[in-house]
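Sending over a structure as structure tokens; questions will come in a sec.
The values are calculated or read from the model by the stated rules, or taken from the named source; none is laboratory data. All values derive from a computational prediction rather than experimental measurement. Heads up, the Cβs are rebuilt from the backbone with ideal geometry, glycines too, and the neighbour counts pull from every protein chain shown. Heads up: the accessible areas ignore ligands, DNA and RNA and are worked out on the full protein's heavy atoms, side chains in. Shrake-Rupley method; radii C 1.70, N 1.55, O 1.52, S 1.80 Å.
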Amino acid sequence: MSKTVISDLLQIFKSSVSAVLPENLIRNSVKYNPANQQLIILNDTYNLQHKNVFVVGTGKAVQNMAVEIEKIMGPKIKQGIISVPLGSLNQKLSEKLTYYEGAMNNLPDCNSENTAKKIKDLVTMLSEKDILLVLISGGGSALLPLPKEPINLQEKTTFIKKLANAGADITELNCVRKRISDLKGGQLAIKAQPAQVLSLVLSDIVGDPLDLIASGPTTENEDNASMALNIIKKYNLSNDIPMSFKTVLSETTWFKFPRDNVRNYLIGTNRLSITTALEEAKKLNYFSIYLSHIVTGNVKDIAQSYAKLAKSICDFVEGKIDLNKVKLQINTLKIPGVNTEFIDKLIEGKNRNICLILGGEITVEVKGSGKGGRNQQLALEFSKYLHDVKDDLKSFDIYLLSAGTDGIDGPTDAAGAIGYLDLISDAIKDNLDIDKYLDNNDSYNFYKAFKSGNLHVITGHTNTNVMDIHVMIIKRCN
Ligand SMILES: Nc1ncnc2c1ncn2[C@@H]1O[C@H](COP(=O)(O)OP(=O)(O)OP(=O)(O)O)[C@@H](O)[C@H]1O
Ligand SMILES: O=C(O)[C@H](O)CO
């Protein structure tokens, strides 16, 4: 195991997180000039003369977004309400913005509902002289719950939980949430009319769908009327729908979405974070390749595909197969978003240490009672698949760092972990039964016990979240 490679992996990961810290994203995308009262968001300029600015926010990353906005244009702000997770408030009181905590364990509760009501009251009294800045990030759905009447919060939370337990993914859950909420699915922007609405969004959903991130409070809901009901049917829950849901879901008339008066700016994405990782890897002198920012799928499939990817590249470097064969092999892998055009460039990297960078969010079917997360499980499963072909990889060192940009992988205090070619052999020497840990979904305790915890990636809460980063290093050893 190479200490230099471990340290490089950690440096690459840290740089990718730093690029998507909310305060950095706001600083890079929002400028305000008090002299002429011009607000610039990315490439657009807004004249704020004779305008009042209001700010609302919902999500796990919006506290630091709001603090930075206040630093940039504090005197121009009239008032604001920011909904943040319970226990996360760490900043001094501000005169203009009021922060409210809620949504214990990422579930809507009466605290976040009360904040949602306050936000609704604030935005509904705005006039055409007002600009509403909306800060949105992952976790925003639970922090802005306001079910449409006659649905009550308890009914809504219970039903959404049932849907989640039945296997609905975040895009399906949020599709239903959009239809039954008074603020999601574009309703916040509609209620703020005639004020101009400008939203700054950090994406925590693969593919960055604006209408689904935090259930799209300021994005037009273009779903057809039966979509939510079809999802409920798909999970055999039609007979469990409360009467109040039926009333709301049968509504077919909506307010027109004020397209011309609303802009959503995607300022933080997984792609940005892995682009920065790529630059860092280049600085560290790796032959670096950005492979995909939309990796999804089951942990076992991805671990196996990553191991096969590594083997194909090693076989090419050793001259065992040509580029066409590499292409054919990579085309059969289950890694979404990989464009095989990069393979032609591999010739340039043949004699160098190679770094492959990917991002996204995979899934784990948790069957055991252990402690872990999708990233720690991926690092371990990957090491196991590599171990199966280790005799063909004798001239290489191969590593995979997998970690969440939020710093928290599953219910653990680790962001992720590092797997490597000899991990299984080393674990056997240490008398650690890898299969027991894997079958019990106990990857966290494995990494705690192994090598004094040195392969755990520990950062603490980063206050941002643009999903996960996977960094693979392939190094020739001789
Ligand atoms: N013991 C475990 N082993 C492996 N994976 C686990 C384990 N327990 C939970 N998980 C995975 O962790 C996921 C939840 O973790 P986490 O809270 O980091 O993700 P999240 O739902 O995407 O939340 P966020 O958007 O805040 O990151 C679950 O979807 C599950 O797949
Ligand atoms: O808040 C939410 O809905 C999820 O984090 C997805 O954005």
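Scan region 87-112 for residues that are in contact with a helix residue (DSSP H, G or I) (Cβ under 9 Å, 6 or more places away or on another chain), without any contact (Cβ under 8 Å) to a residue 40 or more places away in the chain, of a type in the set (A, V, I, L, M, F, W, C) and over 18 Å from T464 (Cβ atoms) and jot them down.
The answer is M104, and nothing else.
Applying the selection to region 200-220, what residues are assigned to a loop (DSSP other than H, G, I, E, B), open to solvent by less than 10 Å² (accessible area, probe 1.4 Å) and among the polar types (S, T, N, Q)?
Hits for region 200-220 are S203, T218.
Among the residues of region 72-127 satisfying the criterion of being of a type in the set (D, E) and within 21 Å of S181 (Cα to Cα), which is surrounded by the fewest Cβ atoms within 10 Å (Cβ to Cβ)? I'd like the intermediate steps shown before the answer.
So in region 72-127, the residues of a type in the set (D, E) come out as 95, 101, 109, 113, 121.
Those still in the list that are within 21 Å of S181 (Cα to Cα) too: 101, 109, 113, 121.
Numbers: E101: 18, D109: 17, E113: 21, D121: 11.
Residue satisfying both the conditions and the ranking: D121.
Quickly run through region 148-172 and pick out the residues that are closer than 20 Å to N224 by Cα and open to solvent by 20 Å² or more (accessible area, probe 1.4 Å).
Our first condition is that a residue be closer than 20 Å to N224 by Cα; within region 148-172, this holds for 148, 160, 163, 168-172.
Within region 148-172, K148, D169, I170, T171, E172 qualify.
Restricting to region 254-296, and then to whatever is over 29 Å from K350 (Cβ atoms) and part of a loop (DSSP other than H, G, I, E, B), can you tell me which residue is most open to solvent (accessible area, probe 1.4 Å)?
Restricting to residues being over 29 Å from K350 (Cβ atoms) and part of a loop (DSSP other than H, G, I, E, B), the top hit is K256.
Another question about this same structure. Pairs under 9 Å by beta carbon, first residue under 21 Å from P258 (Cα atoms) in region 113-140, partner of a type in the set (D, E, K, R) and part of a strand (DSSP E or B), six or more apart or different chains?
Hits for this filter: D130/K78.
With respect to Q11, is the statement that it is surrounded by fewer than 19 Cβ atoms within 10 Å (Cβ to Cβ), assigned to a helix (DSSP H, G or I) and under 26 Å from the mean Cα position of the chain (by Cα) true?
Working: surrounded by fewer than 19 Cβ atoms within 10 Å (Cβ to Cβ): yes; assigned to a helix (DSSP H, G or I): yes; under 26 Å from the mean Cα position of the chain (by Cα): yes.
Yes.
For the list (1) under 18 Å from A142 (Cβ atoms); (2) more than 15 Å from ligand 2 (Cβ to nearest atom), I need the number of the one condition that L183 fails.
(2)
Here's another thing I want to ask about it. Given region 100-199, what helices (runs of 4 or more DSSP H) lie entirely inside it while holding 3 or more residues that are more than 30 Å from N239 (Cβ to Cβ) and in the same structural domain as M243 (by TED's automatic domain parsing)?
Working: elements: 110-124, 153-165, 170-180, 187-191.
Here the list reads 110-124, 187-191.
Mind listing just one residue for me: the one in region 15-39 that is touching a Ser or Thr at 6+ places or on another chain (Cβ under 9 Å) and of a type in the set (A, V, I, L, M) and, of those, farthest from L272 (Cα to Cα)?
It comes out as L39.
Another question, then. Being assigned to a helix (DSSP H, G or I) and either in contact (Cβ under 8 Å) with a residue 40 or more places away in the chain or under 20 Å from I131 (Cα atoms) (or both): is that true of V248 here? Outline the logic, then answer.
Details: assigned to a helix (DSSP H, G or I): yes; either in contact (Cβ under 8 Å) with a residue 40 or more places away in the chain or under 20 Å from I131 (Cα atoms) (or both): yes.
So V248 passes the test.
Out of the residues in region 173-185 that are touching a residue at least 60 places away in the same chain (Cβ under 8 Å) and closer than 14 Å to K120 by Cβ, which is surrounded by the most Cβ atoms within 10 Å (Cβ to Cβ)?
The initial filter retains those residues of region 173-185 that are touching a residue at least 60 places away in the same chain (Cβ under 8 Å), namely 179-180, 182-183.
After this cut, where a residue has to be closer than 14 Å to K120 by Cβ as well, the list is 182-183.
Working: D182: 19, L183: 27.
Here the answer is L183.
Out of the residues in region 128-146 meeting the condition of being within 15 Å of ligand 2 (Cβ to nearest atom) and out of contact with any Pro (no Cβ under 8 Å at 6 or more places or on another chain), tell me which one is nearest to E23 (Cα to Cα).
Selected residue: L135.
Give the residue, chosen from D413, D409, that is within 16 Å of ligand 2 (Cβ to nearest atom) and within 22 Å of L9 (Cα to Cα). Before the answer, list the steps.
Working: D413 fails: within 16 Å of ligand 2 (Cβ to nearest atom).
None of the others qualify; the one that does is D409.
Quick test for you: out of I354, I330, pick the one residue that is free of Cβ contacts under 8 Å to residues at least 40 places away in the same chain, in the same structural domain as V295 (by TED's automatic domain parsing), on the phi < 0 side of the Ramachandran plot and open to solvent by less than 40 Å² (accessible area, probe 1.4 Å).
On the way: I354 fails: free of Cβ contacts under 8 Å to residues at least 40 places away in the same chain.
Testing whether each residue is free of Cβ contacts under 8 Å to residues at least 40 places away in the same chain, in the same structural domain as V295 (by TED's automatic domain parsing), on the phi < 0 side of the Ramachandran plot and open to solvent by less than 40 Å² (accessible area, probe 1.4 Å) leaves just I330.
Also: Have a look at N114, N106 and point out the one that is over 30 Å from N47 (Cα atoms) and within 16 Å of ligand 1 (Cβ to nearest atom). Outline the logic, then answer.
Working: N114 fails: within 16 Å of ligand 1 (Cβ to nearest atom).
Being over 30 Å from N47 (Cα atoms) and within 16 Å of ligand 1 (Cβ to nearest atom) holds for just one of N114, N106, which is N106.
Still on this structure, I have one more. Restricting attention to region 359-377, does a residue exist that is crowded, with 19+ Cβ neighbours inside 10 Å and either away from ligand 1 (no atom under 16 Å from the Cβ) or more than 24 Å from G167 (Cα to Cα) (or both)?
The answer is no; no qualifying residue exists.
Still on this model: Return the residue satisfying two criteria in turn: it lies in region 14-36 and is in a helix (DSSP H, G or I) and open to solvent by 80 Å² or more (accessible area, probe 1.4 Å), and of such residues it is farthest from M472 (Cα to Cα). First the steps, then the outcome.
In the first step, residues of region 14-36 are kept if they are in a helix (DSSP H, G or I); the result is 14-18, 22-29.
Add one more test, that the residue is open to solvent by 80 Å² or more (accessible area, probe 1.4 Å), and what stays is 14, 27-28.
Details: K14: 15, R27: 31, N28: 29 Å.
Out of the qualifying residues, it is R27.
Next up: Find the residue count for region 37-61, including only residues that are surrounded by fewer than 16 Cβ atoms within 10 Å (Cβ to Cβ) and either without any contact (Cβ under 8 Å) to a residue 12 or more places away in the chain or within 16 Å of ligand 1 (Cβ to nearest atom) (or both).
Selection size over region 37-61: 5.
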